[in-house]
1. For chain B, what is the accessible area per residue in Å² when the probe is 1.4 Å?
2. Go ahead and set up a Gaussian network model of chain C, Cα springs under 10 Å, then flag whichever of C:Ser237, C:Ser60, C:Ser153 fluctuates most.
3. Quick one: among B:Leu173, B:Leu207, B:Leu217, which has the greatest mean-square fluctuation in a GNM of chain B with alpha-carbon springs under 10 angstrom?
4. Show which aspartates and glutamates lie in cross-link reach of C:Lys208 when reach means a straight Cα distance below 12 angstrom and same-chain residues fewer than eight apart are skipped.
5. Would you work out the charge dipole size for the protein assembly as shown about its Cα centre, treating the Cβ of every Lys and Arg as +1 and the Cβ of every Asp and Glu as -1, and quote it to the nearest 20 debye?
6. Across 10 Å bins from 0, what is the distribution of all Cα-Cα pair distances for the protein assembly as shown, in whole percents?
7. Give me the count of lysine pairs in region A:168-287 whose alpha carbons sit under 30 angstrom apart, restricted to pairs 8 or more positions apart or on different chains.
8. Could I get the Rg over Rh figure for region C:170-319? Both from C-alpha atoms, Rh via Kirkwood, rounded to two places.
Amino acid sequence: MLIELILNGLIIGCIYALIAVGLTLIFGVMRIINMCHGDLVMLGMYASIILYEKYSILPYFSAILLQPFFLLLGALIYKLIDHIPLKQREMNSLILTLGVSFVISTSVMLIFSADYRTVTLPFSQEVLQLGVIRIGYPYVISSAFSIVIIVLFYYLIMRTKIGRAIRAVASDPETASTLGIDIKKISFLTYSIGVSLASIAGCIISPILYAYPFVGGIFIIKAFVIVVLGGMGSIHGAFLGALLLGVGESLIIPYFEHSMKDLFAFILFILFLLFKPTGIFGGKSRV
Amino acid sequence: MLLRINNLTKRFGGVVALDNLDLEVKEGIIFAIIGPNGAGKTTLINLVSGFDKPNSGKVIFNNKDITNLSIQGRVEMGLVRTFQIPQIFPSLTVEENIRIPLLTKYNRKLASKKSLEIAEKFFLSEDLYKKAEFLPVGKMKLLEIAKAYALEPKLLLLDEPFGGLSADKIPELISLISSLRQAGITIILIEHVIKAVASLADEIFVLNFGNKLAYGLPEEIFNKKEVIEAYLGEDDA
Amino acid sequence: MDIRKKIVIVSIIYLCVLLLPFFINMQEHKYLMDIFLHLNLALTLANSWNILGGFAGQVSFGHAGFVGIGAYTVALLVHYLKLSCWTALLFSGFFSCCIALFLGLLTLKLRGPYFALATLATAEIAKIIVVGARSFTMGTQGVAVEKTPLLGSENYLVFLFLFALMLSFISIISSLLIRYSKTGYFFIAIRESENATMAAGINVFKYKVIALLISGYLAGAYGGILAIHTGFVDPESAFDISRTVEPIFISYIGGVGTVIGPIIGSLLLVPIGEVLRTEFTTAHLLFYGIMLILFATFFPKGLAGLIKLGARKNVAKNK
């Protein structure tokens with residue numbers, strides 16, 4: 001079913017978007033690549049699995065409930081990044097966040113072992129029937145949830161004073177600081193928003209995908225691909241790239257065996273690096 | 001003519017930075033380009049030095065069309081630039097900063113020897129073994145020119161060498177740049193500091209919105225009404 | 001100190017180590033020899049990463065990929081072409097180099113983080129292809145690497161010891177030669193400022209590719225030795241992510257962008273890592289992570305930087 005495949009792709013794409021948009025925003029504002037982004041998603045998955053198994057809290061509520069914890073963790077990582085002198089930040093922040101990634105993933109591994117885990121909700125097997133189209137309920141709820149978050153996020157970025165400040169810093173930090181925008185404060189806010197979106201994505205994806213300690217690696221690579229597709233630092237680009245990747249992956253599933261599915265993302269990545277390295281929305285790369 | 005620019009156009013998205021520009025630079029002179037911020041001066045330097053490609057038009061250096069030549073190829077022909085914000089090798093010493101460009105032409109021994117000479121010429125002898133990132137702004141500006149000079153240019157493109165310099169350092173740099181001219185180096189000088197332009201320039205080209213506004217000898221230019229209106233009136237330097 | 005003196009000192013130390021098999025019965029001290037082998041390999045990989053990341057400033061997150069490619073090159077050459085594993089070893093670095101060249105042509109013209117991302121992706125692609133192309137690579141089942149006698153002798157441990165020693169020697173000497181040559185200065189110039197390097201008429205792209213090729217060769221050869229040592233390759237072990245992290249970790253803690261850094265780092269950390277690995281299996285990765293955070297944040301110049309600082313303070317005190 002072509003329509004079903006496309007719809008499934010769009011749903012996964014929405015969740016990818018939550019992950020990628022944080023990554024691109026952090027890059028745009030702070031000029032760093034947050035290597036531990038995927039592990040924050042993974043941590044969200046595990047946290048929601050535990051909360052469901054122990055207290056029967058649905059992952060969709062966990063996504064909200066866990067925010068204070070994730071914001072605190074984000075603030076801690078941000079403090080470390082902020083400690084690196086600006087001149088060395090580009091390279092050392094890569095190494096630092098790689099270290100954080102390892103600490104998070106191996107800690108989870110030591111605590112929960114390397115087993116695959118998922119949340120089986122009471123309605124996990126139920127299917128929404130729309131004419132000829134059939135979609136599993138967990139997919140419907142997760143996509144609805146992520147659309148709500150995306151709308152809220154767009155409102156924050158496009159319509160509020162904070163959002164304008166974030167965009168100003170991303171497009172030109174020098175001018176922004178002469179306009180009296182506190183770059184550090186905006187960087188901190190941006191990082192927090194990114195962490196928050198990643199953790200929400202983790203929570204709502206846990207009924208759909210299997211979690212294991214190193215699953216973050218898959219998420220971060222896909223998020224990178226999306227960010228390059230959309231143009232580094234571009235928010236609209238990240239959304240479009242996420243949907244594109246989601247649909248593309250979904251469409252090739254019938255033709256390839258499962259293990260090769262992830263190859264699609266990389267082939268797309270290489271094609272873009274070859275022909276349009278600045279991405280769909282990227283203009284001139286900043287020197 | 002050492003440098004000829006024909007119908008050069010550069011657009012960034014919808015903004016036209018340079019619009020069908022023509023200019024010619026004679027050998028052995030200091031050719032100053034002035035104009036308000038955003039007039040396209042740095043864009044011009046980027047196109048001439050190869051750091052950016054034009055949408056159309058030609059750059060001809062020493063009677064050779066270099067429009068599509070690499071930066072490296074241009075440097076080998078003797079076309080060298082500096083940056084408005086000094087682009088130094090921050091955690092290397094001053095001596096190493098000067099030695100690196102020399103290494104493209106000379107072996108290690110000769111490069112080390114020459115770097116000392118150049119450092120002396122640019123008043124950097126005391127700071128030879130200091131890390132470049134810890135230099136004061138004035139010295140950093142000197143280092144930026146010293147690195148370019150080390151490449152033995154025929155044509156040197158200086159992008160605001162006086163910017164950010166304290167007033168007492170200006171005469172020193174003026175005499176230094178004029179000594180480069182005496183040594184036979186042709187110089188294109190982009191500058192906001194009028195005092196420096198007035199005492200150095202042999203010819204002045206006024207750029208406004210990517211177009212030629214005026215061109216001539218310094219005394220002609222400084223008396224032109226439209227120049228004073230477009231540029232000198234709102235000058236902040 | 002003059003570079004010639006440094007090369008002589010390194011050579012003398014290596015010659016002394018070379019005599020070791022005559023005094024120690026390798027079969028009896030197998031555990032010790034294993035650590036020693038790993039030390040040499042880790043040092044090679046750290047130098048490989050440091051030449052590219054520390055000198056030329058191009059951070060690689062894909063060294064596990066180069067190692068895996070090297071390991072599979074040996075395994076498949078032995079399996080299909082029935083080459084002696086030692087002959088195949090010569091190709092491992094070469095093939096890894098070819099992949100590195102392809103990657104470099106694709107990404108090194110771009111600035112910023114593209115290269116780091118592309119190396120990460122390349123390592124993943126290589127692993128997915130190896131898993132997926134089951135009919136050729138045996139997929140997750142893995143391939144056995146048969147050891148063949150060399151010069152009529154079956155003393156494999158000695159040969160592996162010698163090859164690993166030779167490789168780490170080559171890596172140190174390369175690192176030294178690069179650091180004190182024109183090429184090395186240009187690498188460092190690129191790391192310091194690409195704009196300034198281009199303005200000096202240096203072909204930035206060319207030198208980045210050279211750094212990547214040297215790095216890819218050493219990492220591939222590492223993979224080849226690894227494949228012979230374990231006698232078996234499968235995707236999980238050949239593309240083990242710790243081969244991406246370990247060289248970064250060793251370089252950073254020893255002192256990134258210095259010749260001595262990877263040497264200090266591996267001498268100190270390999271024994272610790274080895275003990276942690278045998279005692280707590282995955283805990284060594286946690287240890288790597290914590291140390292990376294501490295050093296990247298608080299001591300970015302590593303132990304080499306701290307020692308230098310200490311020495312300078314001492315001198316100041318004595319005055």
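The values are calculated or read from the model by the stated rules, or taken from the named source; none is laboratory data. Keep in mind that this is a model prediction, so the values were computed, not measured. FYI the Cβ positions are ideal-geometry reconstructions off the backbone, even for glycines, and counts take in every protein chain you see. The accessibility values were calculated without ligands, DNA or RNA, using every heavy atom of the protein model including side chains. Shrake-Rupley method; radii C 1.70, N 1.55, O 1.52, S 1.80 Å.
1. On the way: 10140 Å² over 237 residues.
Averaged over the residues of chain B, the accessible area is 43 Å².
2. The residue with the greatest mean-square fluctuation here is C:Ser153.
3. Answer for the Gaussian network model of chain B: B:Leu217.
4. In chain and number order, the partners are C:Glu194.
5. On the way: 70 positive and 57 negative charges, 228 e Å.
That gives the protein assembly as shown a dipole magnitude of about 1100 debye.
6. For the protein assembly as shown, the pair-distance distribution reads 2, 12, 20, 22, 19, 14, 8, 3, 0, 0.
7. Taking region A:168-287 as the scope, the lysine pair count is 9.
8. Computed over Cα atoms, the ratio is 1.02.
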